[in-house]
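In what follows, a single structure is set out as structure tokens and then discussed.
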Amino acid sequence: MNTALAEARHAARNGEVPVGAIILDASGTLIARASNRVETDHDASAHAELLALRAAARARGTTRLDDCTLVVTLEPCPMCAAAAVHFRVRRIIFGAYDPKGGGVDHGPRIFSQPACLHRPELIGGVREQENARLLKDFFRSLRKSQPKPGNAPLLTGNRQITTPRNTAHARKPPPQVTGTAPRGIHAIQEE
């Protein structure tokens, strides 16, 4: 998890959501590492998990990673969980839970679906507080650097125009997560 956290910190320094992932082979040797590159690459699929899985497949010359472990700082989203199925990853170890965006322990629970052809071993909540703190600090910093609600600037050509926020199209606040579900990225963003 130390290496995955280092990748997550690297992502944060580059203005990306701080998520890092690594792939270990059966002997525990690191074969791939990656951090989120969604904004950098202008690619919504450039999640740390997918980038690490692709790099590991290239390094091994196969799409079968059936003796490998994916270690990631945040519960994989449905897209990344589905990719782990197709790469046949043996085990997934993740840090912070993600009640709203997760696809493993929350949301669609990809590995519990009847159509899921491969079910990796899952270990969640590893160094959860440390991983959650990194995400929380990132989003707090991001909110401080954004303009205050009320007057949102619009760019037109080379001019900036300030207009009142259109409340008719304002996004409704998400429902509150209750119960004993672990907190994740979206709950962290709301604080």
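The values are calculated or read from the model by the stated rules, or taken from the named source; none is laboratory data. Note that the structure is a prediction, hence the values are computed from the model and not measured. Note that each Cβ is placed from the backbone with ideal geometry, even for glycine, and that neighbours are counted across all protein chains shown. To get the accessible areas, we keep the full protein, side chains included, count just its heavy atoms, and leave off ligands, DNA and RNA. Shrake-Rupley method; radii C 1.70, N 1.55, O 1.52, S 1.80 Å.
Given (1) part of a helix (DSSP H, G or I); (2) open to solvent by less than 30 Å² (accessible area, probe 1.4 Å); (3) touching a residue at least 60 places away in the same chain (Cβ under 8 Å); (4) not small (Gly, Ala, Ser), identify the lone condition not met by Val71.
All conditions pass for Val71, except number (1).
When you scan the range 74-191 for strands (runs of 3 or more DSSP E) that lie fully inside it, which ones turn up with 3 or more residues that are at pLDDT 50 or above and open to solvent by 40 Å² or more (accessible area, probe 1.4 Å)?
121-123, 151-156
May I ask you to list pairs of residues, at least six apart or on different chains, whose Cβ atoms are under 8 Å apart, with the first in the range 78-89 being touching a residue at least 60 places away in the same chain (Cβ under 8 Å) and under 16 Å from Ala46 (Cβ atoms) and the second being outside any helix (DSSP H, G or I) and open to solvent by less than 10 Å² (accessible area, probe 1.4 Å)?
The qualifying pairs do not exist here.
Could you count how many residues in the range 1-39 are out of contact with any Asp or Glu (no Cβ under 6 Å at 6 or more places or on another chain), over 18 Å from Arg88 (Cα atoms) and in contact (Cβ under 8 Å) with a residue 40 or more places away in the chain?
11
Does Asp43 satisfy the condition of being touching a strand residue (DSSP E or B) at 6+ places or on another chain (Cβ under 8 Å) and open to solvent by 50 Å² or more (accessible area, probe 1.4 Å)?
It is false that Asp43 is touching a strand residue (DSSP E or B) at 6+ places or on another chain (Cβ under 8 Å) and open to solvent by 50 Å² or more (accessible area, probe 1.4 Å).
For the range 60-101, which positions are of a type in the set (Gly, Ala, Ser) and under 14 Å from Ile31 (Cα atoms)?
Correct list: Gly61 only.
Collect the residues in the range 1-58 that are touching a helix residue (DSSP H, G or I) at 6+ places or on another chain (Cβ under 6 Å), part of a strand (DSSP E or B) and aliphatic (A, V, I, L, M), keeping them in residue-number order.
Selection gives Ala21, Ile22, Ile23, Ile31, Ala32, Ala34.
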